[in-house]
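S.K.: Before we start, here is the structure in question, set down as structure tokens.
The values are calculated or read from the model by the stated rules, or taken from the named source; none is laboratory data. None of the values given here were measured: they were computed from a predicted structure. Backbone-built Cβ (ideal geometry, glycine too); neighbour counts: all protein chains shown. Ligands, DNA and RNA are excluded from the accessible area calculation, which covers all protein heavy atoms including side chains. Shrake-Rupley method; radii C 1.70, N 1.55, O 1.52, S 1.80 Å.
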Amino acid sequence: MTEQLYKPHEIETQVQQYWEHNDSFKAVESPGQEKFYCLCMFPYPSGRLHMGHVRNYTIGDVISRYQRMLGKNVLQPMGWDAFGLPAERAAIKHSLPPADWTRENIVYMREQLRRLGFGYDWSRELTTCDPQYYRWEQWLFGRMLDKGLAYKAKAVVNWDRVDQTVLANEQVIEGRGWRSGATVERREIPQWFLRITDYAEELLQELDQLDWPEPVKIMQRNWIGRSEGVEVAFAVESTDKVLRVYTTRPDTLLGVSYMAVAPEHPLAIEAAACNPKLQAFLADCQRSAVSEAAVETIEKQGMPLGINAIHPVSSEKIPIWVANFVLINYGTGAVMAVPAHDQRDYEFAKAYHLPIKQVIAPAGPEQECHLDECAFVEKGVMVSSGLYDGLTSAEGFNAIATDLEAQGRGVRRVNYRLRDWLVSRQRYWGAPIPVINSSAGEPAPVPDAHLPVVLPEDVSFDGVGSPIKKMPEFFEITDPESGEKWTRETDTFDTFMESSWYYARFCSPDSHGAMLDQRADYWLPVDLYIGGIEHAILHLLYARFYHKVMRDEGLVRGDEPFTRLLTQGMVLKDGAKMSKSKGNTVDPKDLIEKYGADTVRLFVMFAAPPDQALEWSDAGVKGAYRFLRRLWRRVHDHVAAEVAGQQDLNAAGLDKRQKDMRRLLHDTIAKASDDIGRRYTFNTAIAAVMELLNAVGKYEVRGAQDHALNQEVLEAVVLILSPIVPHICHVLWQELGNTTAIVDERWLTADPRARMAESVQIVVQVNGKLRARLKVATDISEDALREVVLLDANVKRFVDGKKIRKLIVVPGKLVNVVV
RNA sequence: GCCCAGGUGGCGGAAUUGGUAGACGCGCUGGCUUCAGGUGCCAGUGGGGGCAACCCCGUGGAGGUUCAAGUCCUCUCCUGGGCACCA
């Protein structure tokens, strides 16, 4: 007797070849058939897949295969987010052009994805560093320029003067450049922006319609940061200048005791011109980091500018200060400070001995105000505000806003925290910005006929500045007709540009005459988008913005790109995120070699629900492998079993033992369908199938009907597991006597008749404490149930001698006796 | 600083609508099978008490609502994540 062993590598190779030869996952538009576009965030080709990728793509593949079994026309594409900073770092380290490094990585990672058995339509593969891809991004940028959606303005960056480069926040380590060690400066340079703020209101409003995790929607709402307030104009003493500030609390206007402007504000710069101390302070601020987290946690510092503003209501003189916590790119870059009613202003006022003037009093006894300790930031009733005394904060808001507007000293404004999207990067490895500059420095778009502007790939890369900034053959242009000299823009696009529309390009990746074609109307929007929670704000907001720009350009229908979103949790090991720097990575390659792709897929889906962090466990992987081996053996034992007289299952003629087994089967089908299809809790679906398989292992086959029942159970187990572990299930499906490929099979529906039970277990509590479990007929009357409950010996022990006050009955579940 | 998520056995996790806490898996303990094992099978496994039936305690902490709380409310402690040039 030769036992057939589970050899994952053999069968996985065979099954993958079957899919490839049959083009199993090629997605073809089929009007009339319901489509399902399942997209996972495409990877940055960093070298090799990490566990986060494996998890992300397994989740997507399981859902895609499940949807396909429901009969839908499924599109599951894959591509490469190929531009980015790591390629530049690697180029410096290995003296290899970023393009070569990136393409080598893609070849390797593509093979890893194949090896994991993901059902991608590889004919749609795209790579963002391909000029045939980014040419359309350059083209759309031209349209945005036409519409005024793209514009040039100055912005602050982290500048490393040694490496002659701009640094990402993550490259600034304790105020110094990560490579050069040079002190990082804040520098203002002209850069390109996209007017995402034009869409702020729509981006905010349409969040409500999206089937996205609530935390992600909250993060986007906060990021957009809509507020209603008043822009107030303060005259600057003995000048004709006006200092504009934005406040959401005009009701506190009479409590202003100083003004604070950002270090980059024109008033600060002007005042510093003849004040060396002030100049030193501004220079100091230049050196501190620009991120919001840094600004919020630094020690609040400031200096008076020596000039005053005139209060628009009281005409009082208000000193103007410069402060390091005021952000130049939010609001007007200046704030009116009301120490009594804003905690930050309060702390600043205490530190610099500025007046604290209360103008809002608690509206009732439930509010507490201790101005000797902290600001009173709640809304209340106005005091010490002259004509406005006695008004509530809300009434005062309106009264003051109306009065200021009437006097031309203020205007109601909706403000957004959202800032325009800065898309210029002073880096090499990105899509060139399709702009040329005249000798006078005036920018002009590159004509469509000259697109794409191709990034030179054969470059030597030393890390000091961008190579194309040193290549006259790239940036020097002479108009062949007029002889006029132009300079090509050498900045490249933020890589979020490419990832903002790739989901749409997958619909028509081979369209060479246009960015998109009508196939996009069939596939879009993406029905389910899956990726890391770390993209909750930027990528997802930019892609939504891009979709609306494309919509307004007539390229896509619909307002939103991603109908449903699934954010997957991190992969941890020893409680920390897996990362090279922590040295706690597990290479998927080693695991696949050791156990096969199915084991890796099963473990990743079983260890935790997809949106939670997943704690890596080598022992858990072994457990997954053991389960697959057990499944393999169970099926082969069944197939090999010799049973006299093969019979079809006669569901109506089963005995109690058989009915119980069959009920468990159909309960499991129902649970797995709900878990996989609706809840996305694959771990509990797998657990349910494990229980079923455990039960089938204990189930004694006594005759032909038992054998037939076993056949039904095992076929169901293999079908349910097939989206998760598709290779082994492909083989076992055929071992069970089927001639079809399981990838083309349909999902099962639970039979309600098989799920009906004659008896049910009732939990009996006395005063909420569990005292008995009773098995009763499903159709027992409530009165009969009460009677049975009170006859139970253990229940009696706790009830006897006491008065029954109440009897709570939850039908089919529970009885609680209250004594 | 602000925002978000999460604290349940030795571990990963389950408990879906307020109704049996700990499903399933790992690990561990004991036993059987095997020349052997990164094998298979059986039994046990939150803490405490009891020969047992059972009983008491138990979901980070403190209060509260309820017949009933891991789940709802208030306060609090801890951990992880994000905060605009990483993707």
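S.K.: Using DSSP to define loop residues, name the GluC sites (Glu not before Pro) in segment A:635-743 whose beta-carbon has at most 13 other beta-carbon atoms within 10 Å.
M.R.: Passing sites in segment A:635-743 are A:642, A:700.
S.K.: Just flag the GluC sites (Glu not before Pro) in segment A:237-306 sitting in loop per DSSP whose Cβ has no more than 15 other Cβ atoms within 10 Å.
M.R.: Values: sites: A:237, A:264, A:270, A:292, A:296, A:299; in loops: A:237, A:264, A:299.
Passing both the DSSP loop test and the Cβ count: A:237, A:299.
S.K.: Let me ask something additional. Let me know the Rg and Dmax you get for segment A:163-205 when you use only its Cα atoms, in Å.
M.R.: Calculated on Cα positions, Rg and Dmax stand at 15.8, 45 Å.
S.K.: With equal scatterers on the alpha carbons only and no solvent term, can you work out the Debye log10 of I(q)/I(0) for segment A:399-439 at 0.15, 0.26, 0.31, 0.33 1/Å?
M.R.: Each listed q maps to, in turn, -0.63, -0.96, -1.03, -1.09.
S.K.: Which whole-number percent of Cα pairs in segment A:559-656 have a distance greater than 15 Å?
M.R.: On the way: 3520 of 4753 pairs.
Everything past 15 Å amounts to 74 percent.
S.K.: Follow-up question, since we're still on this one. For segment A:237-365, report the translational diffusion coefficient in µm²/s to the nearest whole number, using Stokes-Einstein at 20 °C, 1.002 mPa s, and a Kirkwood Rh over Cα pairs. Numbers along the way, then the final one.
M.R.: Values: Rh = 15.1 Å.
Roughly 141 µm²/s, to the nearest whole number.
S.K.: Principal axes first, then extents: for the Cα atoms of segment A:370-409, list largest minus smallest coordinate on each axis, whole Å, largest first.
M.R.: Result, largest extent first: 37, 18, 16 Å.
S.K.: When the helix-only estimate is applied to chain A (DSSP H runs of n ≥ 4, each -39,500 (n - 2.57), divided by the residue count), what is the mean residue ellipticity at 222 nm, nearest 500 deg cm²/dmol? Walk me through the numbers before you get to the answer.
M.R.: On the way: 27 runs with 302 residues, N = 819.
Helices in chain A give a 222 nm mean residue ellipticity of -11000 deg cm²/dmol.
S.K.: What accessible area, in Å² to the nearest ten, does a 1.4 Å probe give for residue A:499?
M.R.: 10 Å²
S.K.: Then there is this: Suppose R0 equals 51 Å. What FRET efficiency, 1/(1 + (r/R0)^6) with r the Cβ-Cβ distance, do residue A:132 and residue A:773 give to the nearest 0.05? List each step's numbers first, then the result.
M.R.: Values: r = 67 Å, r/R0 = 1.32.
Efficiency for this residue pair is about 0.15.
S.K.: Where does segment A:21-171 land on Rg/Rh, using Cα atoms and the Kirkwood Rh?
M.R.: On the way: Rg = 19.4 Å, Rh = 18.4 Å.
In segment A:21-171, Rg relative to Rh is 1.05.
S.K.: Which value in Å is the Kirkwood Rh of segment A:635-690 over different Cα pairs?
M.R.: Its Kirkwood hydrodynamic radius stands at 13.5 Å.
S.K.: One-quarter of the Cα convex hull surface for segment A:91-173, in nm²?
M.R.: Working: hull surface 37.9 nm².
Projected area, direction-averaged: 9.5 nm².
S.K.: Hey, another quick one. Using the Kirkwood radius over C-alpha pairs as Rh, can you work out the diffusion coefficient of segment A:648-720 via Stokes-Einstein at 25 °C, viscosity 0.890 mPa s, in µm² per second? Show your work: numbers first, answer last.
M.R.: Details: Rh = 12.6 Å.
For the chosen part, D equals 195 µm²/s.
S.K.: Past 22 Å, Cα to Cα: identify those pairs from A:594/A:622; A:147/A:217; A:698/A:813; A:357/A:379, in the order given. Walk me through the numbers before you get to the answer.
M.R.: Working: A:594/A:622 10 Å; A:147/A:217 29 Å; A:698/A:813 28 Å; A:357/A:379 15 Å.
Over 22 Å apart, Cα to Cα: A:147/A:217; A:698/A:813.
S.K.: Still on this structure, I have one more. Using only the C-alpha atoms of segment A:483-535, find the volume of their convex hull and express it per residue in Å³.
M.R.: Details: hull volume 6.6 nm³, N = 53.
In segment A:483-535, the Cα hull volume divided by residue count equals 124 Å³.
S.K.: Separate question: What are the trypsin sites (Lys or Arg not before Pro) within segment A:611-703 that DSSP puts in a loop, where the Cβ has at most 13 other Cβ atoms within 10 Å?
M.R.: Values: sites: A:622, A:626, A:629, A:630, A:633, A:634, A:656, A:657, A:659, A:662, A:663, A:671, A:678, A:679, A:698, A:702; in loops: A:702.
When the trypsin sites (Lys or Arg not before Pro) of segment A:611-703 are filtered for loop state and at most 13 Cβ neighbours within 10 Å, A:702 remain.
S.K.: Further question: Accessible area of residue A:154, 1.4 Å probe, to the nearest 10 Å²?
M.R.: 130 Å²
S.K.: Per residue, what volume in Å³ does the convex hull of the Cα atoms of segment A:494-587 enclose? Please report the intermediate quantities before stating the final value.
M.R.: On the way: hull volume 12.6 nm³, N = 94.
Spread over its residues, the Cα hull of segment A:494-587 gives 134 Å³ apiece.
S.K.: Using only alpha carbon pairs under 8 Å that are at least six residues apart, calculate the relative contact order of chain A and give it in whole percent. If you can, show how the numbers build up before the last one.
M.R.: On the way: 1421 pairs, mean separation 117.4, N = 819.
This gives 14 percent for chain A.
S.K.: Okay, next question. Sequence gap at least 6, Cα distance under 8 Å: using those rules, report the relative contact order of segment A:26-142 to the nearest whole percent. Write out the running numbers ahead of the final one.
M.R.: Details: 138 pairs, mean separation 40.2, N = 117.
Reported as a whole number, the value is 34 percent.
S.K.: Still on this structure, please answer the following. Compute the distribution of all C-alpha to C-alpha distances in segment A:253-315, in bins of 5 Å from 0, and list the percent of pairs in each, rounded to whole numbers.
M.R.: The calculated distribution, bin by bin, is 4, 14, 25, 20, 17, 13, 7, 1.
S.K.: Per residue, how much space in cubic angstrom lies within the convex hull of the C-alpha atoms of segment A:138-221?
M.R.: Numbers: hull volume 13.3 nm³, N = 84.
Taking only Cα atoms, segment A:138-221 has a hull volume of 158 Å³ per residue.
S.K.: Right, something else. How big is D for segment A:417-560, in µm² s⁻¹ as a whole number, if Stokes-Einstein is applied with the Kirkwood radius of its Cα pairs at 10 °C and 1.306 mPa s? The partial results should precede the final answer.
M.R.: On the way: Rh = 17.6 Å.
In µm²/s, the coefficient is 90.
S.K.: Keeping all protein chains in the complex and leaving out DNA, RNA and ligands, what accessible area do you get for residue A:482 with a 1.4 Å probe, in Å² to the nearest 10?
M.R.: Per-residue accessible area (residue A:482): approximately 80 Å².
S.K.: Now for a separate question. Just need the Rg to Rh number for segment A:670-819, please, alpha carbons only, Kirkwood Rh.
M.R.: Working: Rg = 21.7 Å, Rh = 18.8 Å.
Radius of gyration relative to Kirkwood radius: 1.15.
S.K.: Using only alpha carbons, build the gyration tensor for chain A and give me the equivalent ellipsoid semi-axes, biggest first, whole Å.
M.R.: For chain A, the semi-axes come out at 59, 41, 23 Å.
S.K.: Okay, next question. From largest to smallest, what semi-axes in whole angstrom does segment A:352-453 give when each is the square root of 5 times an eigenvalue of its alpha carbon gyration tensor? Numbers along the way, then the final one.
M.R.: Details: eigenvalues 554, 76, 38 Å².
The three semi-axes for segment A:352-453 are 53, 20, 14 Å.
S.K.: Using a Förster distance of 60 Å, how high is the FRET efficiency between residue A:295 and residue A:655, based on the Cβ-Cβ distance and rounded to 0.05?
M.R.: Values: r = 75 Å, r/R0 = 1.24.
The formula returns an efficiency of 0.20 here.
S.K.: Let me check the size of segment A:1-79 from its C-alpha atoms; what are the radius of gyration and Dmax in Å?
M.R.: My reading of the Cα-based Rg and Dmax gives 15.9, 53 Å.
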